[in-house]
Amino acid sequence: MSLGIEHVIHIGAGLPGPLNDQPQELFDASGRLVAELAELPPQGARRMSANPHANGGLLLRDLKMPDFREYAFKVPLPGTGGPGDTRVLGVFLSAVAQLNQQPRHFRIFGPDETLSNGLEAVFAVTNRQWVAETRSNDEFLARSGQVMEMLSEHQCEGWLEGYLLTGRHGLFNCYEAFIHIVDSMFNQHAKWLKVTASLSWRPRIASLNYLLASHVWRQDHNGFSHQDPGFIDHVVNKKAEVVRVYLPPDANCLLSTMDHCLRSRHYVNVVIAGKHPAPQWLTMDAAIDHCTKGIGVWQWASNEYDAQPDVVMGCAGDVPTLETLAAVSILRQHLPDLKVRVVNVVDLMKLQPQSEHPHGLSDPDFDALFTTDRPVIFAFHAYPWLIHRLTYRRNNHHNLHVRGYKEEGTITTSFDMTVLNDLDRFHLVMDVIDRVPQTGAKGLHLKRQLQDKLIEHKRYIDRCGQDMPEIRNWQWGNPHPLNFGNQSPPLPA
């Protein structure tokens, strides 16, 4: 007997005809498929499930990585001004791209936002991949490049997922508000990572890395449509063994965090960082130590020494960290007897119990940071209820008061964005006064002055179109120039 392929297809498709009622041609007397048909499926690596081109973990090679410490931003003192955290990171990423050009193992994906997100340095070593016609005024377009850009988040996500599944490494940079466009694609990839982690025949692949910049607190001319930090909430819904969320407070912490993420395997890493000029807090050595722990007390910003604090000031995110430290400077200047502890969070998963996430702190370690009975004022980058969700089982949760984004936004000044959402330094100080009764009459007097200062702020930005000089020029280590009782500064020249 000899069966042509059209014969087999005809039978397999269940098509009507004289062939589908002749089982003796397909099976032997014992009911087994005849040898000629049994030999048709591919063998070994030609099987779909065993094809190495569909099993990226078999092809995966480590990235060639530069020493991120060589790209550190010098921080002689906390509060040193920086050019923008992602702009420092961009120089490091350009070195990663250059080291992995031959063979090509690394690409940066983004919806036409690589320049806008502060990663312009990568174009010193590579271009945008482009196969269509080019013109003389085109910028960074070439037949060969490691930057993949198209104004479609879906397309970029699909490109990156496919790139990872074939054993390479990549980074997706995007405006924070618009990463929501790929929510469902992230869902499927995260679920796939969870399931395949338990399959012995499928080695782990490089992590899916998101860098979210142009974030909610620094939108300038874009306004309310570009202000949404909710992707974090969406990511945290997925299994703890898969997802990681990082909020580095400055450029050196961002370098340390991104080096870790690019080396990691089989995770979804979400890193949120700013691109605007901002204060820098930690030297590189201090940043590495802080990021390794993921959370910690900033002793240089605290004044508790060896005593129990009166209040804990927690913060996660670059702008919340800035406003928290500015609030602490006001407290230390105007309520010097108040004992303040500053706790900064880089790895958001540290807030969860160990039973819920492998990065989570034990209850004793959490209590050692946040106490069991003192007020905690927590300034958070995103929607405040996520912090409550992560900490609701903790001993001191009832004393936790969280400030974050509460869906108030517009085209306004950077400081006014924090005021609109009660995340600014003045509201944080008033929150302390409301929850620490021992501040007494001095605290109530300071609160009234801060309420007046908020009115003055609104009047000033309406007249001048920028934040007050005492906000724009504030630096850690100097007295906070609140100018109580003075008239608003004159209009700028």
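Using the rule -39500 (n - 2.57) for each DSSP H run of four or more residues, divided by the residues of the chain, the 222 nm mean residue ellipticity is -10000 deg cm²/dmol. This ranking places ILE455, ILE205 by how few other beta-carbon atoms lie within 10 Å of each, fewest first, which gives ILE455, ILE205. The C-alpha atoms of the chain define a longest principal axis, and helix 183-196 lies at about 60 degrees to it. Here the Karplus relation 6.51 cos²θ - 1.76 cosθ + 1.60, evaluated at θ = phi - 60°, turns the backbone of the range 227-238 into coupling constants of 10, 7, x, x, 4, 4, 4, 5, 5, 5, 5, 7 Hz, with x for every Gly and Pro. Spin-label model, GLU241 to ARG135: label points 7 Å out along the Cα-to-beta-carbon direction sit 5.3 nm apart. Shown in residue order for the range 426-439 are the 3J(HN,Hα) couplings computed by the Karplus curve 6.51 cos²θ - 1.76 cosθ + 1.60 at θ = phi - 60°: 5, 5, 5, 5, 5, 4, 5, 4, 5, 10, 10, x, 5, 5 Hz (x for Gly and Pro). One decimal place: the segment GLU470-LEU77 gains 139.5 nm when fully extended, by the rule 0.36 nm per residue minus the C-alpha distance.
In percent, what relative contact order does the range 297-472 have, based on Cα pairs under 8 Å that are 6 or more apart in sequence? Computed value for the range 297-472: 21 percent relative contact order.
By how many degrees, between 0 and 90 and to the nearest 10, does the Cα long axis of helix 440-464 differ from the longest principal axis of the chain? Approximately 70 degrees, to the nearest ten. Distant-in-sequence amide contacts of GLU304, defined by a placed amide H-H separation under 5 Å and a gap of 5 or more residues or a different chain, comprise VAL340. Across the chain, Cα-Cα pairs more than 43 Å apart make up 27 percent of the total. Backbone geometry of the range 360-370 corresponds, through the Karplus equation with coefficients 6.51, -1.76 and 1.60 at θ = phi - 60°, to 3J(HN,Hα) couplings of x, 7, 5, 4, x, 5, 5, 5, 5, 7, 9 Hz, x marking Gly and Pro. Amide H contacts of GLY82 (H built 1.01 Å from N, in plane; Pro and chain starts excluded): ALA278, GLN280 sit under 5 Å, all sequence-distant by 5 or more or on other chains.
Sequence-distant contacts, meaning Cα pairs under 8 Å at least 6 residues apart, place the relative contact order of the range 127-246 at 24 percent.
A cut-off of 5 Å between modelled amide H atoms, ignoring neighbours fewer than 5 places along the same chain, links TYR383 with TYR405. On C-alpha positions alone, give me the angle between the axis of helix 153-165 and the longest principal axis of the chain, in degrees, nearest 10. Roughly 60 degrees, rounded to the nearest 10.
Full extension of the segment from ILE181 to LEU115, taken as 0.36 nm per residue of separation minus the current Cα-Cα distance, would add 21.7 nm.
Under the criterion of Cα pairs below 8 Å and six or more residues apart, the relative contact order for the chain equals 13 percent. Measuring between alpha carbons in the structure, the pairs from LYS239/LYS339; LYS239/LYS275; LYS238/LYS275; LYS350/LYS406 lying more than 32 angstrom apart are LYS239/LYS339.
Read-outs throughout are calculated quantities, based only on the coordinates presented, and are distinct from any laboratory measurement. Keep in mind that this is a model prediction, so the values were computed, not measured. Cβ: placed from backbone, ideal geometry, glycine included. Neighbour counts: every protein chain shown.
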